[in-house]
Every structure is written in C-alpha cells, then in structure tokens.
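Worksheet for the structure shown next.
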Amino acid sequence: MTGPHPEDPRLHELLSDAVENVEPQDRLASIRNRTKVTQMTSRKPWILGAGGAIIATAAIITAIAFAGGQLGGDDEEPTPAASSGESQAPTQDPSSADPSQEGGEPSTEDPTATETPVAPESGALPAYYVGDTPQGPRLYREFRPSSASDELLAALSEATAGQPLDPDYRSAWPQGDPAIKSAEVDGDVIRVGLASDSVSTRPSGMSKQDAGLAVQQVVYTAQAVAQKRLPVQFEVDGNPIDQVYGVPTAEPVGNKPVLRTLSMMSITAPAEGSTVSGKFTATGANNSFEATVQWQILQGDKVVKDGFTTAAGWGQNKLFAWKAQVNVSGLEPGEYTFRAQNDDPSGGEGGGPHLDTKTITVK
C-alpha cells in the first residue's frame, strides 16, 4: 500500500455509504450467539469465516455461488461475533445514497424519487476500480480528491486513466492517453465522448471479463456522480460507437447486477493512507450473511484489535451500508492495516469471504 496522502476534509462527510429503501434488521441476537470473531491472517487471502448451520445457510450459499458468475464481454448482451472490539447498530444516511450501489435492472427512473438526489460534494469524486475477490475481479469504489469544475468528466478520467490511491485496485482500461474527452447528463442518458474509435476492439491480452469491467467502470462511475441510475451512451464525435473493447455499445449501456459486478465488501472510510487517532468511524458497503461485518486492525500480520458491526441489510441484490466505531487510543503510534470482512457461512466452499483493506497511520 502507499503511504498517507493529503485528503480534502470534506471527504469525511462522504464516507458513509447508504442506499435507498434500507430496512435495518435486528441481527444482534444472532451475532451474539457467535461469540468468536473469525481469525484473519495475511492481506487479501480469502480466509474462512465462522461456520454457520449448513442447512440454515443453504439459501445464502446458493445466492453467493450464483453471484460469483463472470462478468461477460462481447458474449453478453448489455443491460439497457463480538470479542474485543466495538459494535455499531446499522444506520442510514439518505442524503449520501449512491444509486449505483443498488441492484436490479437498469432504469431511467430516479431511484431516489422519495428523496432529493444529492450530488457528490465538490472536492471528492467517486471512481470505480477493479480489485480481486474469491469470485474473480470486481469493482471497488474510491473517493478521489478533486477541485475540477466538470465533476463527471473528472471522475471518469480518474477511473479510466488515473492511478487508484489503494494499490490493491487497478483500472481495466489500458494506461496511456486519456480515452474519454467529454461527458454529460442528457435527459435520461449519460453521454460519454471517447477520444477515438481505437477502443472499439479488444486489445491483445485483455480478457472478455476485463473488457466488461472496463465498460462497467465507466457506467458505475458516471451513475455515482450523476446520482441517477441512467444508462451510458458511448460516442465518438457525437455518434454512438458500436462496441467498446468488443462489448456492444450501439445502444445505451446500463449497470450490470450489483452482486455480479461489485465487491460484496468495501471500505469507504478510513481512506487509503489516512491518519487516525482516538476513535474514528469506519464505513463501507457490503452484502454478507446475516449482515455481519468483521473488522480488524493489524500491525504486520499480527491482529492487535478486532470487533464486529452489522450492516443495514443482507441477501438482496444490492449492497448495504455499514458503520463501526473503532477505538485506537490504546495503540502505539505507527502504521497499521484496517481490514473489514464478510462472514463466510459456507466454510470456504464458496471460495472465501469478500474483504477490503486500507493502510492507516495511528498518531
């Protein structure tokens, strides 16, 4: 991981991932029955989570297995247990709802119709990058400091040509000259102008799955900035381009289903390279068995603190907000790793839990 980086203080106002129509569920009693937090070791291994009753968890295991399907390229049609830590009850912040975190089919309807859509605050832009999970590469969201006046274009440029803050992330777009030169929300579609048609064919070495993720990087990032789940029309010189990296794009492209495209665990706060002290609030989005989120602080490979929290829901085709209060006042100053992981009731048969990590500095 990289070291600390300057952060816009307004980033912290954006670090609570919430989704619309969240119905918090009381899972505390169930979690108390599992009094031991799963031991997790080295960074990004897919460690086994705490075992659950196999019969009772058969349905969710099946759902996880189904969600592990590969994100296709040109062969798919475009879719228009507490131990020593602290816990936090699920919360909801409708003002920070990100429609791109929701499941279901793409729609031109405003998914926050019962709310007032709130665009990302100036100075912090969402960008989606590729990261590894037990079911293969998925997308992770990262907020990027920015003072750009054209937030949509800036976010898309970061996603396709920028360098992620978290070294575990990468872009599916080949590095080089910026591929996107314009972007705008035009009624019920987001128009993305490509620099040229050189991206129409899939380059050597790029898999169909990576091609699909490259397109979805743009779709999810654009939707997050626009705060509307609108389809994306890829264009060159104002005209639709038939395909991008071999993925059909003649018609506007919508977001692929969340549980097949996004990681089922991600950390929004603390951001990569953050400096923390005393108590801090960790936030993110996930979909886990019984909404369980396990977190740890590691110094090297040694776990120095751990705990759990519960997300606002689980089991549906979307991600749910989670939040945890973490006390680091007893830790010596220095560099640590904050890790959040889903529960894994399959005993490892599903490939292992999804997790995310961030480097933090305790002062």
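The values are calculated or read from the model by the stated rules, or taken from the named source; none is laboratory data. All values reported here derive from a predicted model rather than from experimental measurement. Quick reminder, even Gly has a Cβ in these numbers, built from the backbone with ideal geometry, and neighbours come from all protein chains shown.
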Yes/no for Ala161 being of a type in the set (A, V, I, L, M), assigned by TED's automatic domain parsing to the domain that holds Ala127 and crowded, with 18+ Cβ neighbours inside 10 Å = no
Scope the range 199-229; condition in contact with a Ser or Thr (Cβ under 6 Å, 6 or more places away or on another chain) and among the hydrophobic types (A, V, I, L, M, F, W, C); matching residues = Ala224
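Counting only residues that are in contact with a helix residue (DSSP H, G or I) (Cβ under 9 Å, 6 or more places away or on another chain), part of a loop (DSSP other than H, G, I, E, B) and crowded, with 22+ Cβ neighbours inside 10 Å, how many does the range 249-268 have?
Final tally of qualifying residues: 4.
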Search the range 326-355 for residues being more than 13 Å from Ser288 (Cα to Cα) and within 20 Å of the chain's Cα centre (by Cα), and hand back the single one that is surrounded by the most Cβ atoms within 10 Å (Cβ to Cβ).
-> Phe338
Would you mind finding the one in Ala291, Ala282 that is buried (at least 24 other Cβ atoms within 10 Å of the Cβ), within 16 Å of Val362 (Cα to Cα) and not assigned by TED's automatic domain parsing to the domain that holds Val215?
-> Ala282
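Considering only residues that are at pLDDT 50 or above, assigned to a loop (DSSP other than H, G, I, E, B) and closer than 23 Å to Tyr169 by Cα, which ones fall in the range 101-156?
Gly123, Pro134, Gln135, Ser146, Ser147, Ala148, listed by residue number.
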Are any residues in the range 333-363 out of contact with any Leu (no Cβ under 7 Å at 6 or more places or on another chain) and farther than 19 Å from Thr281 by Cα, and if so, which ones?
-> Asp343, Pro345, Ser346, Glu349, Gly350, Gly351, Pro353, His354
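Residue-by-condition table, conditions (1) in a strand (DSSP E or B); (2) surrounded by 24 or more Cβ atoms within 10 Å (Cβ to Cβ); (3) at positive phi; (4) under 25 Å from the mean Cα position of the chain (by Cα):
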| residue | (1), (2), (3), (4) |
| --- | --- |
| Val192 | yes, yes, no, yes |
| Ser198 | no, no, no, no |
| Met206 | no, no, no, yes |
| Asp210 | no, no, no, yes |
| Ala214 | no, yes, no, yes |
| Gln217 | no, no, no, yes |
| Tyr220 | no, yes, no, yes |
Residues located in the range 322-361, provided they are closer than 15 Å to Ala271 by Cβ and β-branched (Val, Ile, Thr) | Val326, Thr337, Thr357, Thr359, Ile360, Thr361
Note: among Glu332, Glu272, just one is under 19 Å from Asp168 (Cβ atoms) and not in a strand (DSSP E or B), namely Glu272
